[in-house]
Amino acid sequence: MAKSENEKKQAPKSRMYKNRVALPDDVKEKNVVVMNERLAASLDMYSQAKFAHWNVKGINFYQLHLVFDATAKVIFKQIDPIAERITQLGGVANGTVRQSALSSPIPAYNTTAVTGPEHLNALADALGVYCKELREASDEIDDLGDEPTADFFKQLVVEAEEELYFLESHLEAGDVQ
Ligand SMILES: [Fe+2]
């Protein structure tokens, strides 16, 4: 298959399906755009946490290996509900790895990281952006008038920010603002 044909197949799909969800069609469509960006973020974030889990080295290897996997597990559990909230509103969940790589708002992981502090900083930076993206999604969807979906994203924020706290706690020993 020609590359351009393959790329066309991977392009984000924006078609909408009719359903009985009691929101105006344009609101559903806008929600789906907001949520697809965060679906991409969740898949990207999950793979970054796994990268840290697999590749960290040093004296604290085993503890951090477990911490990073715990983060990955929390993020992994968010992927499916985000994707299915998109399809519940009539959208297409653009969640292949290739689609996610094209549209994720999370910066690329620092793949030169080796030590514990390097991976902690790289992952905390990414997770901070992920948490911000979830907060913004909740606010944007609230502004669109879909309170249940905005509340759904608020819950994701609380879960993700708990993981951010676990990572940052390793970096702030003794530091007081
Ligand atoms: Fe593992």
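The values are calculated or read from the model by the stated rules, or taken from the named source; none is laboratory data. Just so you know, these numbers come straight off a predicted model, no measurement behind them. Positions of Cβ are generated from backbone atoms using ideal geometry, with glycine treated the same way; all protein chains shown enter the neighbour counts.
For N110, work out the one condition from (1) more than 16 Å from the ligand (Cβ to nearest atom); (2) assigned to a helix (DSSP H, G or I) it doesn't fulfil.
All conditions pass for N110, except number (2).
Return the residue satisfying two criteria in turn: it lies in the stretch 28-47 and is of a type in the set (G, A, S) and more than 16 Å from the ligand (Cβ to nearest atom), and of such residues it is farthest from A72 (Cα to Cα). So that I can check it myself, show each step before the final result.
Here is the first cut: in the stretch 28-47, the ones of a type in the set (G, A, S) are 40-42, 47.
In the following step, the residues that additionally are more than 16 Å from the ligand (Cβ to nearest atom) were identified as 40-42.
On the way: A40: 15, A41: 13, S42: 10 Å.
Once the filter is applied, the top-ranked residue is A40.
Looking only at the stretch 58-72, which residues are of a type outside the set (A, V, I, L, M) and surrounded by 14 or more Cβ atoms within 10 Å (Cβ to Cβ)?
If we filter the stretch 58-72 for residues that are of a type outside the set (A, V, I, L, M), which is where we start, we get 58, 60-63, 65, 68-69, 71.
Scanning the stretch 58-72 gives N60, H65, F68, D69, T71.
Restricting attention to the stretch 48-65, which residues are assigned to a helix (DSSP H, G or I), away from the ligand (no atom under 12 Å from the Cβ) and over 14 Å from N121 (Cβ atoms)?
If the condition is that a residue be assigned to a helix (DSSP H, G or I), away from the ligand (no atom under 12 Å from the Cβ) and over 14 Å from N121 (Cβ atoms), then F61, Q63 are the ones that fit.
Return the residues of the stretch 119-177 that are in a loop (DSSP other than H, G, I, E, B) and either modelled with pLDDT of 95 or more or surrounded by 20 or more Cβ atoms within 10 Å (Cβ to Cβ) (or both); say none if nothing qualifies.
Residues of the stretch 119-177 that are in a loop (DSSP other than H, G, I, E, B), as a first pass: 144-146, 172-177.
Those that are in a loop (DSSP other than H, G, I, E, B) and either modelled with pLDDT of 95 or more or surrounded by 20 or more Cβ atoms within 10 Å (Cβ to Cβ) (or both): L144, G145, D146.
If I filter the stretch 66-78 down to residues being in contact with a helix residue (DSSP H, G or I) (Cβ under 6 Å, 6 or more places away or on another chain) and either among the small types (G, A, S) or touching a residue at least 40 places away in the same chain (Cβ under 8 Å) (or both), which single residue comes out as farthest from the ligand (Cβ to nearest atom)? Full working, then the answer.
First pass over the stretch 66-78, keeping only residues in contact with a helix residue (DSSP H, G or I) (Cβ under 6 Å, 6 or more places away or on another chain): 68-69, 71-72, 74-76, 78.
Narrowing further to those that are either among the small types (G, A, S) or touching a residue at least 40 places away in the same chain (Cβ under 8 Å) (or both): 68, 71-72, 74-75, 78.
Working: F68: 9, T71: 12, A72: 8, V74: 15, I75: 14, Q78: 19 Å.
Only one residue tops the list, namely Q78.
Give the number of residues within the stretch 75-104 that are in a loop (DSSP other than H, G, I, E, B) and out of contact with any Lys or Arg (no Cβ under 8 Å at 6 or more places or on another chain).
Looking only at the stretch 75-104, we keep the residues that are in a loop (DSSP other than H, G, I, E, B), and these are 89-96, 104.
The next check asks that each one be out of contact with any Lys or Arg (no Cβ under 8 Å at 6 or more places or on another chain); those that pass are 93, 95-96, 104.
Residues flagged as in a loop (DSSP other than H, G, I, E, B) and out of contact with any Lys or Arg (no Cβ under 8 Å at 6 or more places or on another chain) within the stretch 75-104 amount to 4.
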